[in-house]
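Take a look at the structure below.
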Amino acid sequence: MFKAIKDTWVGLKNEKRLRIILYLFLFTTLSGAARKWGTDSKILSNAILGIQLIIPLSFILFKNAFHFDYKQRNIFIILLTYIFTLLLLAANPLGATLGHGILGIIVHLSFWLPMFIYVKDPEAFKLEKLIPLLIILCFAQVILGSIQSTLPADAYLNRYAVTEGEGFADALVGDAVRVSGTFSYISGYSSFMLFYTLMACVLIKIRYQPFILIPFLAIGYYGCLISGSRGTTYSYLIIIGTYILTSVNIKANSKLIGGAFLVVFVGGFFNFILQDPLHIYEKFTQSSNNFEERTEGTSENTQGRVSGALNELINLEFEHDMIGVGLGSTYQGANALFGYNPNLRGQGFETEFKRVVLEGGYVLLILRFVMLFYLMQFLKGSFFFKLTIFTLSLFVFSIIYNTYNAFFFMLGIAMIDRVSRLESTKDL
């Protein structure tokens, strides 16, 4: 494993594109640590957040990012149509300020632009070479979260960024804090666990060594539990379960499955004989109990997330529902900087569906569905699995108004697509 990491790091010297993606990943993962542990300056903290906001746009700097040949004309037409539509909607005279429009364009491009640049030329993104390094980073994030969960809310490691809340963890799961890892707030950690989930699918696909894969899956589930997020935990189980059922050849992977059971049996046996020296069983039991305590009586709330989003669209009473009132009008950062759009007075906006309609009307919402449909056509893999993860992106985690989700989700599904392509050509 460590030799693979060393070889990966050395190999990146000749892979400029991969080095940039790794640096972007590290910045996205560690920028929150700089905000909450490295500075007390709100100006510097907001500057770091601003850089994070534009990170996905850096994909346009890749060589030939906008060079489309004839075979790629559909991708070019879709992306160009989307960008042109965003420009028109940002110029909506009902918009509050130009600043809202500019930030709105950036936010609405943060997932789609890098995603379509990837599908234009997936062979240029040899993401599989980053796997050993990303495994270590995933383990490290959950280990830090585990330490945070055992500490009191006012411990230094449980600080939030200076612009968030009162400065220390104030959200609990049972009797433990909801962890934030290296991120400025708990939502960033939940976003990272989305990437962790997709990385688990990558390792399953490439039949990674069982003695690493099984701990990776178990630690990932534990990492979701200590996040205290129902959406994160249920998505972990749904995505991995769906991927195994739809994308894994059980017969062809019999050796991997046998090795996995052996690792679980041997590991569990020695852990029992040694009386749980690392308190693994204790940590899982406590985190499970805390999670169950938080979710008691909230099943209706969880189910209502889907039905509520649909009901908001069906029963939406909004005068400007066709073209909205301008991009960025519901974006918290834009409103903090430039003020609120008076045309949204009396309108609450919790779900991403409604926010898209409020900003860009049904025009933008329909265009988003069209882009999802085309993206599913371009990506390799099981149609049902792709349908599952994109459905979750509509109802459970935002890929537009959460810049961390946008980056991690894009990178995760790009990696799954990449290893699927390699398997289909027997280059894996």
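Could you check region 331-347 and list, in sequence order, the residues that are of a type in the set (Gly, Ala, Ser) and either surrounded by fewer than 15 Cβ atoms within 10 Å (Cβ to Cβ) or at pLDDT 90 or above (or both)? Spell out how you get there, then give the answer.
Looking only at region 331-347, we keep the residues that are of a type in the set (Gly, Ala, Ser), and these are 333-334, 336, 339, 346.
Listed by number, the residues that qualify are 336, 339, 346.
Scanning region 131-142 turns up at least one residue that is surrounded by fewer than 18 Cβ atoms within 10 Å (Cβ to Cβ) and either free of Cβ contacts under 8 Å to residues at least 24 places away in the same chain or not in a helix (DSSP H, G or I) (or both).
Every listed requirement among (1) closer than 18 Å to residue 243 by Cβ; (2) buried (at least 20 other Cβ atoms within 10 Å of the Cβ); (3) out of contact with any Pro (no Cβ under 6 Å at 6 or more places or on another chain) is met by residue 410 save one, (3). For region 391-407, name all the residues that are over 21 Å from residue 248 (Cα atoms) and either assigned to a helix (DSSP H, G or I) or more than 20 Å from the chain's Cα centre (by Cα) (or both). Within region 391-407, 393, 394, 395, 403, 404, 405, 406, 407 qualify.
Pick from 350, 317: which is part of a loop (DSSP other than H, G, I, E, B), at pLDDT below 75 and within 25 Å of the chain's Cα centre (by Cα)? Show your work before the answer.
Working: 317 fails: within 25 Å of the chain's Cα centre (by Cα).
Answer to the selection: 350.
Scanning region 149-162 for residues that are crowded, with 21+ Cβ neighbours inside 10 Å and over 17 Å from residue 34 (Cα atoms) yields one hit, 149.
Looking at 75, 55, which one is of a type in the set (A, V, I, L, M, F, W, C), crowded, with 16+ Cβ neighbours inside 10 Å, over 19 Å from residue 156 (Cβ atoms) and at pLDDT 85 or above? Lay out the reasoning, then the answer.
Working: 75 fails: at pLDDT 85 or above.
None of the other options fit; the residue is 55.
Of all residues in region 353-390 being in a loop (DSSP other than H, G, I, E, B) and buried (at least 20 other Cβ atoms within 10 Å of the Cβ), which is modelled with the highest pLDDT?
As a first pass, look at region 353-390 and keep what is in a loop (DSSP other than H, G, I, E, B): 379-382.
The next check asks that each one be buried (at least 20 other Cβ atoms within 10 Å of the Cβ); those that pass are 379, 381.
Working: 379: 91, 381: 85.
Looking at residues that are in a loop (DSSP other than H, G, I, E, B) and buried (at least 20 other Cβ atoms within 10 Å of the Cβ), I get 379.
Tell me which residues, restricted to region 87-142, are of a type in the set (Phe, Trp, Tyr) and closer than 25 Å to residue 323 by Cα. Give the steps one after another, and end with the answer.
Here is the first cut: in region 87-142, the ones of a type in the set (Phe, Trp, Tyr) are 111-112, 116, 118, 125, 139.
Scanning region 87-142 gives 111, 112, 116.
Scanning region 30-50 for residues that are hydroxyl-bearing (Ser, Thr, Tyr), surrounded by 14 or more Cβ atoms within 10 Å (Cβ to Cβ) and out of contact with any Leu (no Cβ under 8 Å at 6 or more places or on another chain) returns 39, 45. Under the condition of being without any contact (Cβ under 8 Å) to a residue 60 or more places away in the chain, farther than 15 Å from residue 202 by Cβ and of a type outside the set (Ser, Thr, Tyr), the residues counted in region 219-249 number 5.
Looking at this structure, is residue 145 out of contact with any Ser or Thr (no Cβ under 7 Å at 6 or more places or on another chain), under 30 Å from residue 210 (Cβ atoms) and buried (at least 16 other Cβ atoms within 10 Å of the Cβ)? Give the steps one after another, and end with the answer.
Values: out of contact with any Ser or Thr (no Cβ under 7 Å at 6 or more places or on another chain): yes; under 30 Å from residue 210 (Cβ atoms): yes; buried (at least 16 other Cβ atoms within 10 Å of the Cβ): yes.
So residue 145 fits the description; yes.
Residues in region 325-347 that are in a helix (DSSP H, G or I), under 21 Å from residue 86 (Cα atoms) and under 26 Å from the mean Cα position of the chain (by Cα): 5 in all.
Could you list, in sequence order, the residues of region 391-409 that are within 22 Å of residue 237 (Cβ to Cβ) and either modelled with pLDDT of 90 or more or among the hydroxyl-bearing types (Ser, Thr, Tyr) (or both)?
Within region 391-409, the first condition is being within 22 Å of residue 237 (Cβ to Cβ), and the residues that meet it are 391-399, 402, 404-405, 408-409.
391, 393, 398, 404, 405, 408, 409, listed by residue number.
So that you can scan it fast, the table gives a plain yes or no per residue for (1) on the phi > 0 side of the Ramachandran plot; (2) aromatic (Phe, Trp, Tyr); (3) touching a residue at least 24 places away in the same chain (Cβ under 8 Å):
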position: 330; (1), (2), (3): no, no, yes
position: 351; (1), (2), (3): no, no, yes
position: 360; (1), (2), (3): no, no, yes
position: 363; (1), (2), (3): no, no, yes
position: 385; (1), (2), (3): no, yes, yes
position: 393; (1), (2), (3): no, no, no
position: 402; (1), (2), (3): no, no, yes
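Can you go through 109, 98 and tell me which one is at pLDDT 90 or above and either within 22 Å of the chain's Cα centre (by Cα) or basic (Lys, Arg) (or both)?
Just one listed residue meets the conditions, 109.
Step by step: first the residues of region 23-54, then only those that are more than 16 Å from residue 138 (Cα to Cα) and free of Cβ contacts under 8 Å to residues at least 12 places away in the same chain, then the one that is nearest to the chain's Cα centre (by Cα). Which residue is that? Taking the candidates together, the pick is 50.
Inspection of region 193-201 identifies no residue that is over 13 Å from the mean Cα position of the chain (by Cα), small (Gly, Ala, Ser) and in a loop (DSSP other than H, G, I, E, B).
The values are calculated or read from the model by the stated rules, or taken from the named source; none is laboratory data. Fair warning: this is a prediction, and the values are worked out from it, not measured in the lab. As a convention, Cβ positions derive from the backbone with ideal geometry for all residues, glycine included, and neighbour counts pool all protein chains shown.
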